[in-house]
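Heads up, the thing below is written out as structure tokens.
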Amino acid sequence: MIDWDEVQAVGVVGLGDTGYSVIEHLVRRKIKIQAFDLRMSPPCLDAVRENFPQVEILLGELNAIQIEYLDFLVLSPGIDPRQTVLQDWKDQGRPIYGDVELFCQEADAPIIAVTGSNGKSTLVTMIGQAMLEAGKVAYVGGNIGQPVLPLLKKPKPDYYVLELSSFQLESIHSLRQHIAVVANYSPDHLDRYCDFSEYVSTKNRIYQNARVAIVNCDQLDCVGRVAANSEIGFSVNAPADFCVYSRNGVQVIRCKDQDLCAAAEVHPQGAHHWQNALILLAVMHAANLSFDVGLDVIKSFEGLSHRCELVSEKNAVSWYNDSKATNEGATIAAIQSIAPSCEGKMILIAGGDAKGAELIDLKSIVSSEVDHVFVLGKDQELLFDLLSLVVKVECVESLDEAVASANQLAQSGDVVLLSPACSSLDMFRDYQHRGEEFSKCIDELGE
């Protein structure tokens, strides 16, 4: 825990939304705040200058002299702690925190913490909705786009529901007596981690000191030892505390010995949506809340923007925006979800920054379900070399070209799916920007 009476100066590294929220949180304490950003025009630079003129701002390359006198650093999640200056600082035993760690040190309500390679935002949104419908006050924040520290300014809730990325979990030490969920594991961010094993270990930090650990029994090889008071397992493939099983040829959602609903009632459909349903019901159980509310949510949930979102049916072609699919696991889930309803060809638009992943697992699903692929971005050559072995692949220079080419190819009943399996940052501000540009390109197509 931070002894604020002993703190005189703090460095905030990163001037995006998270960095701004950290500065806003710290200014009420009588300490010196210094802000750093490698970029010369970071997103929140003007806002910090206008609202917190007392904060000294240093832009450009970070160096050891600038931070020598500081008591600790607070890093935004996107800042790689392996860079030399920060690694040297850490090697000296000097503390580095994240905004979520600061939050956990002050939060005085139960926390439901969710991580996973795919579906985190959907899950926390569903959990927040279920809490609301159960008559509980729940604040949703974290990696979903709402920084956590501003939540502390609101009246005390019944629950905080947090989406946590692996980057945020790197610096968390004070998360305790919480409900912890790892939804799934898929290779991601391998440009930041040595290998998949290190990435998995970082995800599993969420289970430390948990009151209840909700565990994916379909991926037990990734889970390892769970340090929690109790454990709830879920599975879409095998018996577990919460599972999907076949009863007289009908897939059923079950809690222990209680059949709750037919899997066909889950909305939207698909195995990964069943998984979300199981996790939501497990969370309701861990929080001692009625299954009925959770069931209402899983039967009516409309999904999130940029996640398998049907954005157009122009010219009798279904265009899906799955820009939020920034790794291969998410793209595999999207293809599996959409393929059963595809009456014609499936055309995939993929590519961007693969973040060090080899994307090998895409090959099988593309071979069986996809008819044509357009690839773009930093790692288009990687995708071309991999997928051209099993399907027709074309390289394009822009998303606009991909949409125009897909439109020329597509016929009535076909599906065009933007599901990149890669980060957007090589060509766009973020995945939202990529998805918005995709929709804009479709709107500009002729009838």
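Read the figures in this text as sums done on the coordinates, not as results from a lab. Just so you know, these numbers come straight off a predicted model, no measurement behind them. Every residue, glycine among them, receives a Cβ derived from its backbone with ideal geometry; neighbour counts consider all protein chains shown.
Key figures
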{"quantity": "Exposure proxy order (Cβ contacts within 10 Å, fewest to most) of Leu220, Leu190", "calculated": "Leu220, Leu190"}
{"quantity": "Residue among Phe291, Phe52, Phe103 with the largest mean-square fluctuation in a Gaussian network model of the chain, springs linking Cα atoms under 10 Å", "calculated": "Phe52"}
{"quantity": "Antiparallel content of DSSP bridges confined to the chain, in %, to 5", "calculated": "20 percent"}
{"quantity": "Crossing angle, helix 120-133 versus the chain [Cα axis fit, 0-90 degrees, rounded to tens]", "calculated": "80 degrees"}
{"quantity": "For the stretch 101-300, with +1 on Lys and Arg beta carbons and -1 on Asp and Glu, the positive-most of Ile214, Pro155, Val293 along the dipole", "calculated": "Pro155"}
{"quantity": "Kirkwood Rh, Cα atoms: Rg over Rh of the stretch 7-94", "calculated": "0.93"}
{"quantity": "Alpha-carbon gyration tensor eigenvalues x 5, square-rooted, for the chain, Å", "calculated": "37, 29, 19"}
{"quantity": "Label-point separation in nm, Met1 to Ser388, each point 7 Å along Cα→Cβ", "calculated": "6.1 nm"}
{"quantity": "Set Lys392/Lys440; Lys90/Lys153; Lys324/Lys355; Lys314/Lys440; Lys314/Lys345 screened for pairs whose C-alpha atoms are more than 22 Å apart", "calculated": "Lys392/Lys440; Lys90/Lys153"}
{"quantity": "Total charge dipole magnitude, the stretch 101-300, about the Cα centre, Cβ charges on Lys, Arg, Asp, Glu only, Debye to nearest 20", "calculated": "320 debye"}
{"quantity": "Estimated distance in nm for a label pair at Glu401 and Lys299, the labels positioned 7 Å out from Cα along Cα-to-Cβ", "calculated": "4.9 nm"}
{"quantity": "Paramagnetic label zone (point 7 Å from Cα along Cα-to-C-beta, Lys136; backbone N under 19 Å) in the stretch 164-207", "calculated": "164, 175-183, 207"}
{"quantity": "Calculated [θ] (222 nm, deg cm²/dmol) that DSSP helices of n ≥ 4 give over the chain, each run adding -39,500 (n - 2.57)", "calculated": "-9000 deg cm²/dmol"}
{"quantity": "Dipole magnitude (debye, nearest 20) for the stretch 350-422, charges at Cβ of Lys, Arg, Asp, Glu", "calculated": "120 debye"}
{"quantity": "Rg/Rh (Cα only; Kirkwood hydrodynamic radius) as it applies to the stretch 242-364", "calculated": "1.02"}
{"quantity": "The chain: most fluctuating residue of Val215, Val252, Val283 per GNM, C-alpha cutoff 10 Å", "calculated": "Val252"}
{"quantity": "DSSP beta bridge pairing in the stretch 309-442, given as percent antiparallel to the nearest 5", "calculated": "20 percent"}
{"quantity": "Choice from Ser419, Ser305, Ser246 showing the highest fluctuation, given a GNM over the chain with Cα pairs closer than 10 Å", "calculated": "Ser246"}
{"quantity": "Loop GluC sites (Glu not before Pro), the stretch 266-328, which have at most 14 other Cβ atoms in a 10 Å radius of their Cβ (DSSP)", "calculated": "Glu302, Glu313"}
{"quantity": "Sequence-distant aspartates and glutamates (8 or more away, or on other chains) whose Cα lies within less than 15 Å of Lys30", "calculated": "Asp3, Asp5, Glu6, Glu56, Asp71"}
{"quantity": "Local electrostatic count, Ala264, Cβ distance below 15 Å [Lys/Arg +1, Asp/Glu -1]", "calculated": "+1"}
{"quantity": "Within the stretch 7-94: Cβ-based charge dipole about Cα centre, in debye rounded to nearest 20 (Lys, Arg +1; Asp, Glu -1)", "calculated": "280 debye"}
{"quantity": "Furthest towards positive pole of dipole, Leu26, Pro42, Ile79, structure part the stretch 7-94, Cβ charges", "calculated": "Leu26"}
{"quantity": "Partners for Lys256 among lysines (Cα-Cα distance below 27 Å; same-chain residues under 8 apart left out)", "calculated": "Lys120, Lys136, Lys203, Lys299"}
{"quantity": "Hydrodynamic radius of the stretch 309-442 per Kirkwood, over alpha carbon pairs, in Å", "calculated": "14.1 Å"}
